[in-house]
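Notes for the one structure printed next.
The values are calculated or read from the model by the stated rules, or taken from the named source; none is laboratory data. All of these numbers come straight from a predicted model, not from anything done at the bench. FYI the Cβ positions are ideal-geometry reconstructions off the backbone, even for glycines, and counts take in every protein chain you see.
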Amino acid sequence: MTNLSVTLQEGETIQVPASTSVGKALAGLQSNKQQKRTIAARVNGIVVDLSTALEEDAVISPIQIETEEGLTILRHSTAHVMAEAVKDIFGPGVKVAIGPAIENGFYYDFLRDEPFSPEDFDRIEKRMEEIVASGAPFVRTEVSSTTAIDAFAAEGEKYKLELIRDLAVKTVSLYKQGSFTDLCRGPHLPNTTFIKAFKLLRVAGAYWRGDEKNDVLQRIYGTAFFDKKDLKKYLDALEEAKKRDHRRLGKELELFTTQDQIGPGLILWQPKGAQLRRLIEDYWKDEHYRHDYELLYTPHIARQDLWKTSGHLDFYAENMYSPMDIDEVKYQLKPMNCPFHIGIYNSRKRSYREFPIRWCELGTVYRYERAGALHGLLRVRGFTQDDAHIFCRPEQLEDEIFNILDLNLHILKTFGFAEYDIYLSTRPEKYVGSDDHWQQATDALKQALEKKNLSYQLDPGEGVFYGPKIDIKIKDQLGRSWQCSTIQVDFNLPERFQVTYTGADNQEHQPIMIHRALMGSLERFVGVLIEHYAGVFPLWFAPVQARLLNITDDQADYCEEVYSQMRKAGVRIEKDLRNEKLNYKIREAQLAKIPYMLIVGDKEKEDRTVTVRLRDGKNLPAMTISDFIRKVQEECRAGRGIEER
RNA sequence: GCCACUUUAGCUCAGAUGGUAGAGCGGCGCUCUCGUAAAGCGCAGGCCAACGGUUCGAUUCCGUUAAGUGGCUCCA
């Protein structure tokens, strides 16, 4: 028998007979303890089961269950166990589709006439426990596609048949544990005993292969971890996310609301939310002014012809609301601001000397979103973009992109977002503009990113048809990412609206146009901010900065005085002069997440001061009104990042 | 839009195999005037999402519609 040499990634080499399983080979290379945590391995770079037989010399690195990769395998295997449980309980009439591991868990799609109910979850979980306890091994077999097709056809597993046919390969691999066999590439756990902690989370509808023309399946989501502690940690994190839900906090803190009578996806900003938004807008405008932008305002509707010219009626009609008649002419609500900005550009002839032109607007747009897509502030039908359009010459593009990135990251950072995922999307299959232009623009985007020292991922073919783009996803406090910023080069609109400028050569040229939004939409950004801060906003954009609390009615007159002085000085202050106990007032202010509580009793009234209580329960020494005003102003200045510039 | 689930007082939620409903918080009133996370008592709030059907009778059963939630899909 031939001997093979097997080398552990980190060094040690042993000789084993051919056809030795990976698991066995590893047993000779690892400690017992390590061996117990090993569930799969990378052999010559390919991830395989421990049961895989070695047929050539190999470099092996074990995959431990507690690693990211191990967790994925664990979850994938748990999905198989869930499928087995479901088939056990609900019979062969239930058809299985696919069941992959996903971020934070797994799912499996089933076809079943009856809906799954939460009570079913208990039964399924119980059956899963039994399967896990049986310790059944996950057994891999390779069979010819025709054999597999026969087998799945006999069971009526039509989705599996479709998958095999589309694979169009000679042999496929099957995994069997207990009574359940699934078409699967693997790898899987050696056996079910590695499944220590799992939970089914929810059921949702999903189309077969994500296409709404196909069958609607029931998708059961679950998660699994290698021990109970981690599962609990995850479930706790879900709880925490629930607590931070901007819809809940928006209601509790009276930031925004929606009403049936007004319509879904249409946001009503309550006074506190409006204040928050105003502070963001003011800051945004200031920063744009500093960065050499000019501010625009444009209308909410325009003649339908405009949208014909812009091409929106061709490629965006399904997101636009029906036209309205005004003096027998059709008008439509705007889904984007760009044509209006172009209108301003075209209001007179432009010279290359004016470039770059940077115009920004907090422009409110309306887009039709499918009813099922609406979600709090994050997905709405009317929203305000922090939009801007830049017109420049090709050779200015890179600098402009660099400047945008600079402003973009600066603003995000000021709001407390310091981690991003950046994507560069290149030319899709269908596009307008010349290959040269695409190449130049894409290069300019790349150069700008590199000059700014930003790492990014390439999204080949994911650009919009009119130009390449950079998308920035921000990461919040809980590590979730949100798409907000987008920077897009546009070769299309300048052409359609015949946007030109007179060059140094006295000829007419077409400028490059850049669209960009940093926060994306104010609605979404505020939603993300609420969740990021859990409603505990930094002083500089807290809708209410301070609340005055008197101890008894005796200090009411002094409090009125303090209140009006502070309000005049621009401090966002409220007064709570009700005849309630101090404890009660403090509790309410605390729940309202107000940064400073100003407590006024006889002592303070006597000394003409206030005692400052912080959100964390600590007290600052009593200070005068003007000292407090100064303190607030200084902190706000620092928060807005003024000192950095 | 599609699938599933949900909709009871301002908010959070109970409730009855069909006989028109309750709690806590909040609001209002009275008493208390009180120093760092909930004082006491009382009162007022509901066409039980809307509309149709079944029924002697519907908030409860059935259907339709609307809104919400979780997904699919799409995206700021």
Restricting to the range A:261-279, name every residue that is surrounded by fewer than 17 Cβ atoms within 10 Å (Cβ to Cβ) and among the charged types (D, E, K, R).
A:Arg278
For A:Cys559, work out the one condition from (1) under 26 Å from A:Leu409 (Cβ atoms); (2) outside any loop (DSSP other than H, G, I, E, B); (3) more than 10 Å from RNA strand B (Cβ to nearest atom); (4) not basic (Lys, Arg) it doesn't fulfil.
(1)
Using the structure shown, decide if A:Arg353 is in a loop (DSSP other than H, G, I, E, B), without any contact (Cβ under 8 Å) to a residue 40 or more places away in the chain and of a type in the set (D, E, K, R).
no
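Which of the following residues is of a type in the set (Ser, Thr, Tyr) and buried (at least 24 other Cβ atoms within 10 Å of the Cβ): A:Ser51, A:Ser61, A:Ser31, A:Ser77?
A:Ser77
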Regarding A:Gln218, is this residue part of a strand (DSSP E or B) and more than 23 Å from the chain's Cα centre (by Cα)?
yes
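This table checks each residue for (1) modelled with pLDDT under 90; (2) part of a loop (DSSP other than H, G, I, E, B); (3) aliphatic (A, V, I, L, M); (4) crowded, with 18+ Cβ neighbours inside 10 Å.
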residue: A:Leu407; (1), (2), (3), (4): no, no, yes, yes
residue: A:His410; (1), (2), (3), (4): no, no, no, no
residue: A:Tyr423; (1), (2), (3), (4): no, no, no, no
residue: A:Glu429; (1), (2), (3), (4): yes, yes, no, no
residue: A:Val432; (1), (2), (3), (4): yes, yes, yes, no
residue: A:Asp436; (1), (2), (3), (4): no, no, no, no
residue: A:Asp443; (1), (2), (3), (4): no, no, no, no
residue: A:Glu450; (1), (2), (3), (4): no, no, no, no
residue: A:Glu462; (1), (2), (3), (4): yes, yes, no, no
Scan the helices (runs of 4 or more DSSP H) fully inside the range A:1-115 and keep the ones with 3 or more residues being touching a residue at least 60 places away in the same chain (Cβ under 8 Å).
A:68-90
Let me spell it out: the conditions are (1) over 30 Å from A:Arg290 (Cβ atoms); (2) surrounded by 14 or more Cβ atoms within 10 Å (Cβ to Cβ), and A:Trp540 meets all of them except one. Which number is the exception?
(1)
Do we have any residue at all in the range A:10-29 that's under 34 Å from the mean Cα position of the chain (by Cα) and not basic (Lys, Arg)?
no
Answer yes or no as to whether A:Arg248 is at negative phi and touching a residue at least 60 places away in the same chain (Cβ under 8 Å).
no
When the residues of the range A:479-500 are narrowed to those that are within 14 Å of RNA strand B (Cβ to nearest atom) and surrounded by fewer than 18 Cβ atoms within 10 Å (Cβ to Cβ), which ends up nearest to A:Gly343 (Cα to Cα)?
A:Gln483
Positions within the range A:293-337 being of a type in the set (Val, Ile, Thr), within 31 Å of the chain's Cα centre (by Cα) and either farther than 27 Å from A:His410 by Cα or in a helix (DSSP H, G or I) (or both), in sequence order
A:Ile301
Count of residues meeting criterion [assigned to a helix (DSSP H, G or I), surrounded by 14 or more Cβ atoms within 10 Å (Cβ to Cβ), more than 9 Å from RNA strand B (Cβ to nearest atom) and not small (Gly, Ala, Ser)] in the range A:239-260
3
Filtering the range A:261-292 down to residues that are touching a residue at least 40 places away in the same chain (Cβ under 8 Å) and outside any helix (DSSP H, G or I), which residue is nearest to A:Val536 (Cα to Cα)?
A:Ile267
Among residues belonging to the range A:360-395 that are charged (D, E, K, R) and near RNA strand B (Cβ under 6 Å from one of its atoms), point out the one that is modelled with the lowest pLDDT.
A:Arg370
What's the number of the condition A:Gln396 fails, among (1) crowded, with 18+ Cβ neighbours inside 10 Å; (2) part of a loop (DSSP other than H, G, I, E, B); (3) of a type in the set (S, T, N, Q)?
(2)
Determine which member of the set A:Tyr420, A:Tyr501 is farther than 21 Å from A:Tyr293 by Cβ, touching a residue at least 24 places away in the same chain (Cβ under 8 Å) and assigned by TED's automatic domain parsing to the domain that holds A:Arg348.
A:Tyr420
Residues of the range A:507-526 being near RNA strand B (Cβ under 10 Å from one of its atoms) and either hydroxyl-bearing (Ser, Thr, Tyr) or without any contact (Cβ under 8 Å) to a residue 60 or more places away in the chain (or both), which ones?
A:Ser521
Give the number of residues within the range A:618-645 that are assigned to a loop (DSSP other than H, G, I, E, B) and without any contact (Cβ under 8 Å) to a residue 24 or more places away in the chain.
4
State yes or no: is A:Tyr331 free of Cβ contacts under 8 Å to residues at least 60 places away in the same chain, away from RNA strand B (no atom under 16 Å from the Cβ) and either assigned by TED's automatic domain parsing to the domain that holds A:Ile512 or charged (D, E, K, R) (or both)?
yes
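Would you mention how many residues in the range A:602-615 are part of a loop (DSSP other than H, G, I, E, B) and within 8 Å of RNA strand B (Cβ to nearest atom)?
Matching residues across the range A:602-615 total 1.
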Within the bounds of the range A:224-236, is there any residue that is within 16 Å of RNA strand B (Cβ to nearest atom) and not assigned by TED's automatic domain parsing to the domain that holds A:Gly527?
yes
From the residues in the range A:581-601 that are more than 6 Å from RNA strand B (Cβ to nearest atom) and assigned to a loop (DSSP other than H, G, I, E, B), which one is surrounded by the most Cβ atoms within 10 Å (Cβ to Cβ)?
A:Ile594
In the range A:527-556, the residues that are assigned to a helix (DSSP H, G or I) and away from RNA strand B (no atom under 11 Å from the Cβ):
A:Leu529, A:Ile530, A:Glu531, A:His532, A:Tyr533, A:Leu539, A:Trp540, A:Phe541
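Confirm whether A:Gly178 is more than 16 Å from RNA strand B (Cβ to nearest atom) and of a type outside the set (Lys, Arg).
It is true that A:Gly178 is more than 16 Å from RNA strand B (Cβ to nearest atom) and of a type outside the set (Lys, Arg).
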